[in-house]
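Before any comments, here is the structure.
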Amino acid sequence: MSCSRTFDDAARAKDYVLSQALPIVVKADGLAQGKGVTVAQTQEEALAAVSAAMESRVFGAAGDSVVIEECLSGLEVSALAFTDGQTVVPMVPACDYKRVDDGDEGPNTGGMGSYSPPGFVGAALQDTIKRTILEPTVAALKAEGIDYRGVLYAGLMLTEDGPKVLEYNVRFGDPETQVILPRLRSDLFEVCLEVARGRLDAVTVEWDDAAACGVVLASGGYPDGYAKGCTIEGLDELDDGILAFHAGTALAKGRFVTAGGRVLALVARGADIGAARAKVYANVGRVQFRGVHYRKDIGAREVTP
Ligand code: GLY
């Protein structure tokens, strides 16, 4: 079992850090745009993370308390599901890439890309995740009197001891959704309608076998400070079938300009991850704005060199 403690007092949090083995994880216990987690390799890093969240308040009220956790190791997967509070229908699994640079280097971001399906999450593991994590969670919500209907998102780490929950979100994942929903063959509206009606058992949710790979194009400097208002060129040069999800864009005098850190996600579908990845990377270089940067290794681990 993994070990986790929550603190609303910085001094106590720091004392706890000093008593723990390394590496250790410090999380702002609120929404921090995906940037509130520090995997500290040293006590100095962990103490600085506590101080940043609780004393400097870089995440605002999200840092009123911090969670300090044992560091788990393994591959990460995002397991999302539709639920009407009773029935749980998992979506296809996906992986996202949180660090800004290739090889999982650099600071955490809101997500620099994603792909689906991960080859290391087979049918048996998906069934285990449904039976041992997603369904018991919805049952526990119900037992607490919460009639939760919507999307349940479990961020998991696949450890030697099986899948462990790193976080829950009660929403879709970003950027996972950009590669999950293009694989949905059923009508999303009908699925959502039955979720809301409490009749999810009445629909069959079908998925395409095709893979999807998505790459986020970010503003220069992101996840730290970045410029806005830079003209975006090349969106009209994308191949047919490439999906361009606008995140941090705005229209100025009829032209798209940057308006956020993660500007766009380009997504391609293909017979497998290799094909989807080749298609998306053939397109990312065509979109240009000042300082644009993106990871070059989204989905690479699924492809034999
Ligand atoms: N991809 C992480 C999230 O949506 O929270």
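The values are calculated or read from the model by the stated rules, or taken from the named source; none is laboratory data. All of these numbers come straight from a predicted model, not from anything done at the bench. Glycine also receives a Cβ, built like all others from the backbone with ideal geometry; neighbour counts cover every protein chain displayed. Only protein heavy atoms, including side chains, enter the accessible area calculation; ligands, DNA and RNA are left aside. Shrake-Rupley method; radii C 1.70, N 1.55, O 1.52, S 1.80 Å.
Which of the residues that make up the stretch 199-219 are among the small types (Gly, Ala, Ser) and surrounded by fewer than 15 Cβ atoms within 10 Å (Cβ to Cβ)? Step through it out loud before you land on a result.
Here is the first cut: in the stretch 199-219, the ones among the small types (Gly, Ala, Ser) are 202, 210-212, 214, 218-219.
Matches in the stretch 199-219: ALA202 only.
Restricting to the stretch 147-177, name every residue that is in contact (Cβ under 8 Å) with a residue 12 or more places away in the chain, part of a loop (DSSP other than H, G, I, E, B) and away from the ligand (no atom under 16 Å from the Cβ).
Selection gives ASP147, TYR148, ARG149, GLU160.
Regarding ALA278, is this residue among the aliphatic types (A, V, I, L, M), more than 21 Å from GLY173 (Cβ to Cβ) and not in a strand (DSSP E or B)? Steps first, answer last, please.
Working: among the aliphatic types (A, V, I, L, M): yes; more than 21 Å from GLY173 (Cβ to Cβ): yes; not in a strand (DSSP E or B): yes.
Answer is yes for this residue.
Being assigned to a helix (DSSP H, G or I) and open to solvent by 10 Å² or more (accessible area, probe 1.4 Å) is the requirement here; does ARG57 meet it?
Working: assigned to a helix (DSSP H, G or I): no; open to solvent by 10 Å² or more (accessible area, probe 1.4 Å): yes.
Answer is no for this residue.
Pairs, please: C-beta under 6 Å, at least 6 apart or cross-chain, first residue open to solvent by less than 50 Å² (accessible area, probe 1.4 Å) and in the stretch 18-46, second basic (Lys, Arg)?
Close Cβ pairs satisfying both conditions: GLY36/LYS27.
So which residues in the stretch 90-116 are over 16 Å from VAL39 (Cα atoms) and hydrophobic (A, V, I, L, M, F, W, C)?
Result: MET91, VAL92, ALA94, CYS95, MET112.
On the given criteria, is THR204 polar (S, T, N, Q) and farther than 21 Å from THR109 by Cα?
yes
Out of VAL280, VAL257, VAL303, which single residue is among the β-branched types (Val, Ile, Thr) and open to solvent by 50 Å² or more (accessible area, probe 1.4 Å)? Working first, answer last.
Values: VAL280 fails: open to solvent by 50 Å² or more (accessible area, probe 1.4 Å); VAL257 fails: open to solvent by 50 Å² or more (accessible area, probe 1.4 Å).
None of the other options fit; the residue is VAL303.
So for the stretch 106-128 (the condition being among the charged types (D, E, K, R) and within 15 Å of the ligand (Cβ to nearest atom)), does at least one residue qualify? Can you show your working first?
Applying the first criterion (among the charged types (D, E, K, R)) to the stretch 106-128 yields 127.
Keeping just the survivors that are within 15 Å of the ligand (Cβ to nearest atom) gives none.
For the stretch 106-128, residues among the charged types (D, E, K, R) and within 15 Å of the ligand (Cβ to nearest atom): absent.
Does THR6 satisfy the criteria of being open to solvent by 60 Å² or more (accessible area, probe 1.4 Å), β-branched (Val, Ile, Thr) and in a strand (DSSP E or B)?
Values: open to solvent by 60 Å² or more (accessible area, probe 1.4 Å): yes; β-branched (Val, Ile, Thr): yes; in a strand (DSSP E or B): yes.
The answer is yes for THR6.
For ASP96, all conditions in the list (1) under 30 Å from GLU190 (Cβ atoms); (2) out of contact with any Gly (no Cβ under 6 Å at 6 or more places or on another chain); (3) within 16 Å of the ligand (Cβ to nearest atom) hold save one; what is the number of the exception?
Every listed condition holds for ASP96 apart from (2).
Cβ-Cβ distance below 8 Å, separation of 6 or more or different chains: which pairs start in the stretch 222-239 with a residue that is in contact (Cβ under 8 Å) with a residue 40 or more places away in the chain and end on one that is exposed (fewer than 13 other Cβ atoms within 10 Å of the Cβ)?
ALA227/GLY221; THR231/ARG255; ILE232/ARG255
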